[in-house]
Amino acid sequence: MDQRLSDLLRLLELERLELNLFRGQSRDIGSPQVFGGQVLGQALTAASATIDGRIVHSLHAYFLRRGDFNAPIVYEVDRSRDGGSFSSRRVTAVQFGEQIFNMAASFQTPETGLDHQIEAPQVPPPEDLEDALYYGQKYLAASPERVQMRFETAMPFEFRFVETPGFASAEKRPPLAHVWLRAVDHIDSDDENLHRCLLAYVSDYNLLGTAVLPHGIALFDERLRTASIDHGMWFHRPARVDEWLLYATDSPSAAGARGFTRGNIFTRDGRLVASTAQEGLIRVVTPKA
């Protein structure tokens, strides 16, 4: 397996300290704090470890404090309820004695029912598009070192942007974006909860930046301060993250130094497999001399 993907899978292999207590390590990807998708993925992994025979169908999370990637994160799972068809879990992530994140997740025994969905957007296939590294090398040579590090760090997912990504252009345009994504190698597991944990991880990429697109400022501009506040996710149908998925995002509103974004994730044949929603801090500041 590709080393980048192998490293991510190891990151999701939490150490079990007690029946409902887990410990995870972190990885520096060039962001000022622990990547939010990592905490999402690890928290969902911890919750899934307390479930048998049920699959996560939704999660709702809040990012409370910046995580330090130089220290482990402890995840405590509260087994809120196990009903006839559904199980509910609450997860609290702690560093240095303080909560940095909490999440509620719901799991369901698989069953059939009514079935409909919206249509997938009509966009070019991933083979016709440039990889994210193309934009990183072309546009970010003069960017701060940690911004460049995001693209030099070996990423476990590859991204193909339909439109020019927000970090590569300050052009004002509607708050809509489409990006193809998939893991960099085959995953030798059909465990649906594992693929959903990985999908939660990658869902935090390319989401909040959609709220910046109408405002004529590039995503990594030194005047911009962004951070995820919360993250919601709903899993509709099975999917593999090692096959191409289309992430279609929009931003209905930005106000009060916050941006709101939504996303739908489709398989290549047009099945809607997951939806996301996120609100994040967006501030434009004057850099110090």
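The values are calculated or read from the model by the stated rules, or taken from the named source; none is laboratory data. Note that this is a predicted model, so its numbers are computed, not measured. Note: ideal-geometry Cβ built from the backbone for every residue, glycine included; neighbour counts use all protein chains shown.
Values computed for the structure shown
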{"item": "Residue list for the range 227-244, restricted to those being out of contact with any helix residue (DSSP H, G or I) (no Cβ under 7 Å at 6 or more places or on another chain) and either assigned to a loop (DSSP other than H, G, I, E, B) or free of Cβ contacts under 8 Å to residues at least 24 places away in the same chain (or both)", "result": "236, 237, 242, 243"}
{"item": "Candidate set from the range 227-263 (those that are among the β-branched types (Val, Ile, Thr) and over 20 Å from residue 164 (Cα atoms)); member that is modelled with the lowest pLDDT", "result": "229"}
{"item": "Residue pairs meeting the criteria (Cβ under 8 Å; at least 6 apart or on separate chains; first touching a residue at least 12 places away in the same chain (Cβ under 8 Å) and closer than 11 Å to residue 46 by Cα, in the range 83-105; second part of a loop (DSSP other than H, G, I, E, B) and of a type in the set (A, V, I, L, M))", "result": "89/51"}
{"item": "Residue count, the range 1-50 (criterion: β-branched (Val, Ile, Thr) and crowded, with 22+ Cβ neighbours inside 10 Å)", "result": "3"}
{"item": "Scope the range 52-78; condition more than 20 Å from the chain's Cα centre (by Cα) and at pLDDT below 95; matching residues", "result": "52, 53, 70, 71"}
{"item": "Every residue from the range 1-49 that is of a type in the set (Asp, Glu) and more than 17 Å from residue 199 (Cα to Cα)", "result": "2, 15, 18, 28"}
{"item": "Single residue of the range 247-268 satisfying the filter (among the small types (Gly, Ala, Ser) and in a strand (DSSP E or B)) that is surrounded by the fewest Cβ atoms within 10 Å (Cβ to Cβ)", "result": "255"}
{"item": "Qualifying residue in the range 188-205 (condition: in contact with a Lys or Arg (Cβ under 8 Å, 6 or more places away or on another chain) and either assigned to a strand (DSSP E or B) or among the basic types (Lys, Arg) (or both))", "result": "no"}
{"item": "Cβ-Cβ under 6 Å pairs, at least 6 apart or on other chains, the range 265-280 side under 23 Å from residue 226 (Cα atoms) and without any contact (Cβ under 8 Å) to a residue 60 or more places away in the chain, far side surrounded by fewer than 22 Cβ atoms within 10 Å (Cβ to Cβ) and of a type in the set (Phe, Trp, Tyr)", "result": "275/234; 279/260"}
{"item": "Residues of the range 220-246 that turn out to be of a type outside the set (Lys, Arg) and closer than 19 Å to residue 185 by Cα, as a count", "result": "8"}
{"item": "Index of the failed condition, residue 221 passing every other in (1) acidic (Asp, Glu); (2) within 22 Å of residue 59 (Cα to Cα); (3) surrounded by fewer than 21 Cβ atoms within 10 Å (Cβ to Cβ)", "result": "(2)"}
{"item": "Only one of 192, 171 that is acidic (Asp, Glu), touching a residue at least 40 places away in the same chain (Cβ under 8 Å) and within 28 Å of residue 221 (Cα to Cα)", "result": "171"}
{"item": "Lone unmet requirement of (1) under 15 Å from residue 156 (Cβ atoms); (2) in contact with a helix residue (DSSP H, G or I) (Cβ under 7 Å, 6 or more places away or on another chain); (3) part of a loop (DSSP other than H, G, I, E, B); (4) not charged (D, E, K, R) for residue 37", "result": "(3)"}
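Yes/no matrix, rows are residues, columns are (1) of a type in the set (Asp, Glu); (2) part of a loop (DSSP other than H, G, I, E, B); (3) at positive phi:
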residue: 6; (1), (2), (3): no, no, no
residue: 29; (1), (2), (3): no, yes, no
residue: 33; (1), (2), (3): no, yes, no
residue: 41; (1), (2), (3): no, no, no
residue: 53; (1), (2), (3): no, yes, yes
residue: 58; (1), (2), (3): no, no, no
residue: 69; (1), (2), (3): no, yes, no
residue: 78; (1), (2), (3): yes, no, no
residue: 91; (1), (2), (3): no, no, no
